1. Quick check: anything in segment 73-91 modelled with pLDDT under 85 and assigned to a helix (DSSP H, G or I)?
2. Looking at segment 61-91 only, could you name the residues that are of a type in the set (A, V, I, L, M, F, W, C) and touching a Ser or Thr at 6+ places or on another chain (Cβ under 9 Å)?
3. Go through (1) surrounded by fewer than 13 Cβ atoms within 10 Å (Cβ to Cβ); (2) at pLDDT below 75; (3) not charged (D, E, K, R) for A139 and report which single condition fails.
4. How many of the residues in segment 172-203 are modelled with pLDDT of 90 or more and over 14 Å from the mean Cα position of the chain (by Cα)?
5. Answer yes if at least one residue in segment 27-34 is farther than 30 Å from G142 by Cα, modelled with pLDDT under 55 and part of a helix (DSSP H, G or I), and no otherwise.
6. Which members of segment 182-229 meet the condition of being of a type in the set (D, E) and either under 20 Å from R163 (Cβ atoms) or touching a Pro at 6+ places or on another chain (Cβ under 6 Å) (or both)?
7. Out of the residues in segment 36-72 meeting the condition of being touching a Pro at 6+ places or on another chain (Cβ under 6 Å) and either outside any helix (DSSP H, G or I) or of a type in the set (K, R) (or both), tell me which one is modelled with the lowest pLDDT.
8. Could you list, in sequence order, the residues of segment 179-196 that are in contact (Cβ under 8 Å) with a residue 24 or more places away in the chain and either buried (at least 16 other Cβ atoms within 10 Å of the Cβ) or in a strand (DSSP E or B) (or both)?
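The values are calculated or read from the model by the stated rules, or taken from the named source; none is laboratory data. Nothing here was measured: the structure is a model prediction, and the numbers come from that model. FYI the Cβ positions are ideal-geometry reconstructions off the backbone, even for glycines, and counts take in every protein chain you see.
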Amino acid sequence: RYRFYLLPRSGRLLSAEPLRPLGAIPGDPREDPTIRLPDSAPKVGEHARALTPAEGSALLGALASANRFSMEELELNRQGRMSLRQQGRQRGIMAAYLVAVVAALVIAIPVVLAFAGLMRAFRLNDPLTVTITVLTVVAVGGVVTISALRSALRHRRDATEQRAQAVEGFVTRESDSVGDSIAYYYVINGMRLAVTSSGYVALIEGLPYRVYYSPRSMMVLSIEPLRPLARAPW
């Protein structure tokens, strides 16, 4: 028996896992802890069945592994702070955006120069054509550069301020695809929080959670299931 994780719209296979090791029997401590989770979670708005302590612990462990946080980091997030590792991730993403800005500039400048060379080679000296082409390249490059710089600044401020904010409620999942790139989100109380693909597939919808996130870049730092009635973590 296997569990398969698929993209909801395209049906593309993301990953697969055996439900229990060969030779394991029900109740064997070696079995996959996720098989002790509810077989089907209720939809948002329905009454959520209270998880048992074992189910709550198993779900928290699966979410921690998928979203790459430890129990120590979860405790720091409960106190409203990021861990050093979480700050490092923010700085790493900031650096990636800055690299993208430099790469865009490195590509744009030769493109403009090459176009100017072609114009001269074919004696196409129409000022209007040159102006429109240059302005188009500058406009596109400017939009990309400004967007990347704004994103880099948000991650830098999150890393500097080191704050973790929390929100509680029922969580659903969404994904956006642009070409071969897919972005994954947890949606809670009208907020879309960026999450990893593994965090996306690990979530059981229809249960109440507390989600900790970076306030400016809106990225999930950690997440914990709550008891439906007591609103307390496991």
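1. Taking segment 73-91 first, the residues modelled with pLDDT under 85 are none.
Looking through segment 73-91, none of the residues is modelled with pLDDT under 85 and assigned to a helix (DSSP H, G or I).
2. Matches in segment 61-91: A62, L63, A64, A66, F69, L74, L76, M82.
3. The one condition A139 does not meet is (2).
4. 2
5. The answer is yes; a qualifying residue exists.
6. Correct list: E224 only.
7. Here the residue is A48.
8. Once the filter is applied, which keeps residues that are in contact (Cβ under 8 Å) with a residue 24 or more places away in the chain and either buried (at least 16 other Cβ atoms within 10 Å of the Cβ) or in a strand (DSSP E or B) (or both), segment 179-196 yields I182, Y186, M191, R192, L193, A194, V195.
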